[in-house]
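**Student:** Quick one: structure below, then a few questions.
The values are calculated or read from the model by the stated rules, or taken from the named source; none is laboratory data. Owing to the predicted nature of the structure, the values given are computational and were not obtained by experimental measurement. As a convention, Cβ positions derive from the backbone with ideal geometry for all residues, glycine included, and neighbour counts pool all protein chains shown.
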Amino acid sequence: MRGPVSLAKPSRRVSPAEPVSELRHVRIFECGEPLVDFLEFCPKVIQDTPRFSYRRETLLRLGVAERLRAASEALPGEYRLAVLEGWRPLHIQRRMYLRTWNMFKERHPDWSDVQLRRVVNRFTAPLGSKVPPPHLTGGALDVFLAYPDGTRLDHCRPFEPYDPRCFASDCPEIGERAKRTRRILADALTAGGLTNYPSEYWHWSFGDQGWAYRGGHPHALYGPIEPNGYTPEPGDDRDEPLVRLEGA
Ligand SMILES: [Zn+2]
């Protein structure tokens, strides 16, 4: 099911922030690939501990699940790929954006909405028709390196796991152990055929606009998608920021 993919090198400067203003020029030719359950499809992949209280789906486009499986098999045997999330429904994306917006507004009450939007958009994709948030396409996933019992390896120390100062994939200030973890993770995922959003070491994709942009591909393969007959969990579809789980 792997379609022909251009491997042309990008001829223009690629921004590691992958701003909406640039991604909007990447056209999407929807290829119609279905979503599949990646836990069923990839026996060596596990689900990472949830961070927020909503029902998580375990879906990815078939072509992404194939690459994730290849990546999981390329990994040294003592490790697993732990996926936090793949496909994400629209109402959860909306609530995640709201949460990130409120978080930065609290930290920087003096920022204008324009300043806020620039920063928030870097960490949580905004809802826009020309640039669908990557998780809505089923082409993107958040993934960490873990032991078979689900314990994550150190990806960040001396930073706390969700300190934005260590989000960049090539963050020079993390320790040697964390650097090694990120290298093992990146080697496996790259071998599988996925590419990394350089502003977030855990966010990888294939077929979405970010993938096309960073890889210099002529167009994206996946637009937004919803499984047939999808219905949100009652209580999840609200206009409130996501709620973080205890200890997450
Ligand atoms: Zn992500």
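**Student:** Give just the number: which of (1) of a type in the set (A, V, I, L, M, F, W, C); (2) in a strand (DSSP E or B); (3) in contact with an Asp or Glu (Cβ under 7 Å, 6 or more places away or on another chain) does ALA178 not satisfy?
**Tutor:** Tallying (1) of a type in the set (A, V, I, L, M, F, W, C); (2) in a strand (DSSP E or B); (3) in contact with an Asp or Glu (Cβ under 7 Å, 6 or more places away or on another chain), ALA178 fails exactly one: (2).
**Student:** OK, next. Please find, within segment 75-92, the residue that is nearest to the ligand (Cβ to nearest atom) out of those that are over 25 Å from THR181 (Cα atoms) and aliphatic (A, V, I, L, M). Please lay out each step first, then the result.
**Tutor:** Taking segment 75-92 as the starting set, the residues that turn out to be over 25 Å from THR181 (Cα atoms) are 88-92.
Keeping just the survivors that are aliphatic (A, V, I, L, M) gives 90, 92.
Details: LEU90: 15, ILE92: 12 Å.
Filtering segment 75-92 for residues that are over 25 Å from THR181 (Cα atoms) and aliphatic (A, V, I, L, M), the one nearest to the ligand (Cβ to nearest atom) comes out as ILE92.
**Student:** Here's something else I'd like to know. When segment 118-133 is examined, which residues are found to be crowded, with 20+ Cβ neighbours inside 10 Å, away from the ligand (no atom under 12 Å from the Cβ) and closer than 22 Å to GLU57 by Cβ?
**Tutor:** VAL131, PRO132
**Student:** I've got another one for you. Residues of segment 167-179 being in contact (Cβ under 8 Å) with a residue 12 or more places away in the chain and away from the ligand (no atom under 16 Å from the Cβ), which ones?
**Tutor:** ASP170, CYS171, GLU173, ILE174, GLY175, ARG177, ALA178
**Student:** So if I check each of SER53, SER72, which one is away from the ligand (no atom under 16 Å from the Cβ), over 15 Å from GLY139 (Cα atoms), at pLDDT below 95 and not acidic (Asp, Glu)?
**Tutor:** On the way: SER72 fails: at pLDDT below 95.
Step by step, each of SER53, SER72 is checked, and only SER53 is away from the ligand (no atom under 16 Å from the Cβ), over 15 Å from GLY139 (Cα atoms), at pLDDT below 95 and not acidic (Asp, Glu).
**Student:** Quick one: in segment 51-69, of everything that is aliphatic (A, V, I, L, M) and in contact (Cβ under 8 Å) with a residue 40 or more places away in the chain, which residue is nearest to LEU81 (Cα to Cα)?
**Tutor:** So, considering only residues that are aliphatic (A, V, I, L, M) and in contact (Cβ under 8 Å) with a residue 40 or more places away in the chain, the one nearest to LEU81 (Cα to Cα) is LEU68.
**Student:** Here's a follow-up. Report yes if some residue within segment 189-205 is more than 20 Å from THR137 (Cα to Cα), in contact with a Leu (Cβ under 6 Å, 6 or more places away or on another chain) and either part of a loop (DSSP other than H, G, I, E, B) or not aromatic (Phe, Trp, Tyr) (or both); otherwise report no.
**Tutor:** For segment 189-205, residues more than 20 Å from THR137 (Cα to Cα), in contact with a Leu (Cβ under 6 Å, 6 or more places away or on another chain) and either part of a loop (DSSP other than H, G, I, E, B) or not aromatic (Phe, Trp, Tyr) (or both): absent.
**Student:** Kindly indicate whether GLY150 is away from the ligand (no atom under 16 Å from the Cβ), under 20 Å from ALA82 (Cβ atoms) and part of a loop (DSSP other than H, G, I, E, B).
**Tutor:** Yes.
**Student:** Of (1) modelled with pLDDT under 95; (2) in contact with a Ser or Thr (Cβ under 8 Å, 6 or more places away or on another chain), ASP154 satisfies all except one. Which?
**Tutor:** (1)
**Student:** If we keep just the residues of segment 23-71 that are among the acidic types (Asp, Glu) and buried (at least 17 other Cβ atoms within 10 Å of the Cβ), which is farthest from ARG95 (Cα to Cα)?
**Tutor:** GLU66
**Student:** Right, something else. Would you be able to tell me the number of residues in segment 211-233 that are within 21 Å of VAL36 (Cβ to Cβ) and touching a Leu at 6+ places or on another chain (Cβ under 7 Å)?
**Tutor:** Of the residues in that region, 3 qualify.
**Student:** Something else now. Across segment 134-145, what is the total count of residues that are touching a residue at least 60 places away in the same chain (Cβ under 8 Å), within 10 Å of ASP208 (Cα to Cα) and within 9 Å of the ligand (Cβ to nearest atom)?
**Tutor:** Residues meeting the conditions: 2.
**Student:** Any residue at all in segment 206-224 that's surrounded by 12 or more Cβ atoms within 10 Å (Cβ to Cβ), at pLDDT 95 or above, among the hydrophobic types (A, V, I, L, M, F, W, C) and within 14 Å of the ligand (Cβ to nearest atom)?
**Tutor:** Yes, segment 206-224 has at least one match.
**Student:** Moving on. Among (1) away from the ligand (no atom under 14 Å from the Cβ); (2) within 18 Å of LEU84 (Cα to Cα), where does LEU189 come up short?
**Tutor:** For LEU189, the failing item is (1).
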